[in-house]
Amino acid sequence: MKTAVIGSGIGGLATAIRLATRGHEVTVFEKNSRPGGKLSEIYADGFRFDTGPSLFTLPTLVEELFSICGEEMKDEVSAERLDINCRYFFPDGLVFDFHHDKEKLEEEVVQKTKEKPEALFKRLSKSKEVYEISAPVFVFTAFHKLSNFNTPPYKEMAFRLHKLNFFRTMHGANNGDFKDKRLVQLFDRYATYNGSNPYRAPATLNMIAHLENNIGAYFPRKGMYAIINSLYKLAVKQGVLFHFNTRVHKLLSEGKTVKGIRTLDSKHYFDLLVSAIDVKQITRNLLAGHPHRKRLEKAEPSSSALIFYWGINKTFPQLQLHNILFSARYKDEFRKLFRERTIIDDPTVYIFISSKIVKEDAPKGKENWFVMVNAPSDSGQDWEALVAETRRHIISKINRTLGIDIEKHIVTERIGSPVTIERDTGSVNGALYGTSSNSMFSAFLRHPNFLNKYKNLYFVGGSAHPGGGIPLCLASAKIVDEEIRIRYE
Ligand SMILES: Cc1cc2nc3c(=O)[nH]c(=O)nc-3n(C[C@H](O)[C@H](O)[C@H](O)COP(=O)(O)OP(=O)(O)OC[C@H]3O[C@@H](n4cnc5c(N)ncnc54)[C@H](O)[C@@H]3O)c2cc1C
């Protein structure tokens, strides 16, 4: 079959590879000059920065793409499991290392918190249980396909629905599990992994903690963009054809069939189309009469991010690869994000330093800091003012927490915001994960991987089912591949 994939983010690449190995003649249309989308990189003054994702979980899903092509995962992508998943700095001065090793983690809990280690291990095993019950249904199958409801994973889940905690919020569940409020905050943070608010998102999402803390947090030996580089090469090797600098402006439809696409200056016709771009682009501009348009417009968008890419002329042994400097007013932080649609003056600051592992990412004696805070998606805020103000707040928080004067060490700066994220990746209003998961119905409301109205049109990537983040985008590619196989082979 002649198949088009629109977008070459991780979801689009994975889909192209999978379908090419099944014998599809795959063409990818990408508006940028190179693949990757949110998973991208920039070079500046001798520093390299991964611009989007920094945490790599479930690397087996990438490995699987190599193995279906009969290849080994390339060395530069092979990922090391981290000993310390993240170093947390709390407003009261506690510095807590989340070790992968269970003995070290136990010691950390005993020495530094008011919690019994059993409470933390119980929490982790509950996250594992929720993941194991729900992932076969919510993550690895086309959830919106009625015939799936009769399959064993769905039946199994039906018997254990009470374990999934749909009716509690993440915060409510975490608050019940821990006496030490700092651990509540730590586990609440996982809501931000899909751009949501822990005070509203269902406790089912506590399964996210399982991926990072039980299975492990990984980092590719050559940095995150190496994943894209090697998947792109793998796709080319499978015969996938790429058209870069080619924006898709319209999907051409006739009755229940999508016939092809229109770019700036030409039309291309295909048997099958896979959208791997923000579904809101499709509903708003690319396909008139899309049945989910109204629902999608009403849904609350996920959060976005403000990111400062700083070249720093010094090294900081007190920091790890991943570091979180928590806000002292976490609930207010989310109220500001989702209700007032702004950024609090004491934001939680994430610092990711790839040069801790990839030495070539910064000149000797220097570090490449990726400094990120959660931001609302763009709804017309004065970003210039908000960026300047937030930059001041971030700097003062870093100085307070680490006892340094960071401003004088910043030798290079680039800035990412909801506006640049929309420009660079086509994600409407810069929302990182499409719609938020701020309600118990969110999994049901997420855009499905296919539509009944257009039989030959499929959807993958962070704004479709099962959601955003590298593992879920890879899962969406797997689902769509399987659905196409079932329908057409
Ligand atoms: C700052 C940031 C931090 C993140 N951190 C993490 C993390 O630590 N771990 C994690 O797992 N995930 C993280 N994520 C989320 C993760 O990056 C995304 O969920 C994932 O990369 C999305 O992939 P995708 O395939 O859906 O599409 P995208 O990466 O959004 O790619 C879409 C592609 O389509 C192209 N395109 C758009 N419109 C058109 C059009 N009309 N015609 C042609 N081409 C078009 C775009 O140029 C782009 O290349 C982060 C994201 C960001 C931005």
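Annotations
- For residue 412, nonlocal amide neighbours, meaning residues 5 or more places apart or on other chains whose placed amide H falls under 5 Å from its own, are 311.
- Segment residue 67-residue 392, extension gain: residue separation times 0.36 nm, minus the distance between their alpha carbons: 112.3 nm
- Couplings for region 303-312, taken from phi via the Karplus curve 6.51 cos²θ - 1.76 cosθ + 1.60 with θ = phi - 60°, read 6, 10, 8, 10, 10, 10, 9, 10, x, 10 Hz in order; Gly and Pro are left as x.
- Using θ = phi - 60° in the Karplus curve 6.51 cos²θ - 1.76 cosθ + 1.60, the 3J(HN,Hα) couplings for region 325-330 round to 10, 6, 5, 7, 10, 5 Hz; x is entered for Gly and Pro.
- 356, 397 arranged by Cβ crowding within 10 Å, fewest neighbours leading: 356, 397
- Fully extending the segment from residue 122 to residue 259, taken as 0.36 nm per residue of separation minus the present Cα-Cα distance, adds 44.1 nm.
- Axis angle, to the nearest 10 degrees, between helix 102-112 and the longest C-alpha principal axis of the chain: 40 degrees.
- Cβ crowding within 10 Å, taken as a proxy for footprinting-reagent exposure, orders 252, 94 from fewest neighbours to most as 94, 252.
- The helix-based estimate of mean residue ellipticity at 222 nm for the chain, built from -39,500 (n - 2.57) per DSSP H run of four or more residues and divided by its residue count, is -9000 deg cm²/dmol to the nearest 500.
- Of all lysines in the structure, those lying under 21 Å Cα to Cα from residue 259, and not within fewer than 8 positions of it along the same chain, are 2, 31, 250, 267, 280, 453, 455.
- Amide H contacts for residue 304 (H built 1.01 Å from N in the peptide plane; partners 5 or more residues away or on another chain; cut-off under 5 Å): 375, 377, 432.
- In sequence order, calculated HN-Hα J values of region 16-28 (Karplus, 6.51, -1.76, 1.60; Hz; x Gly/Pro): 4, 4, 4, 6, 4, 5, 8, x, 5, 8, 9, 10, 9
- Over all directions, the projected convex hull of the C-alpha atoms in region 105-213 averages 7.0 nm² in area.
- Exposure proxy order (Cβ contacts within 10 Å, fewest to most) of 302, 33, 134: 33, 134, 302
- In straight-distance terms, cross-link reach from residue 364 covers every one of the lysines whose alpha-carbon lies under 20 Å from its own, apart from those fewer than eight places away in the same chain; here that gives 222, 314, 356, 408.
- Amide H contacts of residue 80 (H built 1.01 Å from N, under 5 Å, at least 5 apart or other chain): 219, 221
- Close Lys-Lys pairs in region 105-213, where close means Cα under 18 Å and separation is 8 or more or interchain: 16
Every read-out reported here was derived from the displayed coordinates using simple, explicitly stated rules and does not represent laboratory data. No experiment lies behind these values; they were computed from the predicted model shown. Cβ: placed from backbone, ideal geometry, glycine included. Neighbour counts: every protein chain shown.
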